[in-house]
1. Multiply the residue separation of residue 78 and residue 151 by 0.36 nm, subtract the distance between their alpha-carbon atoms, and state the gained length in nm to one decimal.
2. Using protein chains only and a probe of 1.4 angstrom, how many square angstrom of residue 32 are accessible, to the nearest 10?
3. In terms of solvent-accessible area of protein heavy atoms at a 1.4 angstrom probe, what is the ranking of 18, 155, 68, highest value first?
4. Students sometimes get this wrong: rank 84, 3 by accessible area, probe 1.4 Å, all chains present, largest first.
5. Cβ under 13 Å from residue 77's Cβ, residue 77 left aside: what net charge do those residues give with Lys, Arg +1 and Asp, Glu -1?
6. How much accessible area per residue does the chain have, counting only protein heavy atoms and a probe of 1.4 Å, in square angstrom?
7. Under the rule of at least 5 residues apart or a separate chain, name every residue whose amide H is placed under 5 Å from the amide H of residue 8.
Amino acid sequence: MRDLGLTLDASHLDDVSFWDAAELGVRMVSTHANARALVPGNRQLSDEMARHIVSTGGVLGMVVHSKFTRPGWRPGAERAPLGDLVRHAEHFAALVGWEHLGLGSDLDGGFGAEKTPAGIDRYRDLTRFLDLLPQEAQAGVRGENWQRWLLEHLFSS
């Protein structure tokens, strides 16, 4: 992957696999994962992983699912407050800067609104999350950071 200039999505990698790929020098992004410092578990990114992804030029896409935004959340429980997702964004921004964060909603049909943070029932509701971010970060998180990454890494020769 490194030799071909490909990028690995680290969202579902176990820790050992992540660090094996890192050791090989593979460029990475995370299309949909949140901060392990706030919700424990190896499906989340540790601070070290987030820093490494950004060091390879990657973007961190935050997933919009209550299980990944609130510790101990279970299906059938009250939906996590939207502020919990904001805390993940703020945590990552403190580590790597707002210019490396994006939406990675995972709202592609794998689960319903009963599992999203309160207030996010459909794609258009993602603006409710963006409105809670600092004004200067909103456009980047909305899509400009992913667009920059795409132009730099996918559409360059």
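The values are calculated or read from the model by the stated rules, or taken from the named source; none is laboratory data. Fair warning: this is a prediction, and the values are worked out from it, not measured in the lab. Quick reminder, even Gly has a Cβ in these numbers, built from the backbone with ideal geometry, and neighbours come from all protein chains shown. These area figures cover heavy atoms from the full protein model, side chains too; ligands, DNA and RNA do not enter into them. Shrake-Rupley method; radii C 1.70, N 1.55, O 1.52, S 1.80 Å.
1. 22.3 nm
2. 30 Å²
3. From most exposed to least exposed: 155, 68, 18.
4. So, going from the largest accessible area down, we get 3, 84.
5. +2
6. 51 Å²
7. So residue 8 has HN proximity to 27, 28, 29.
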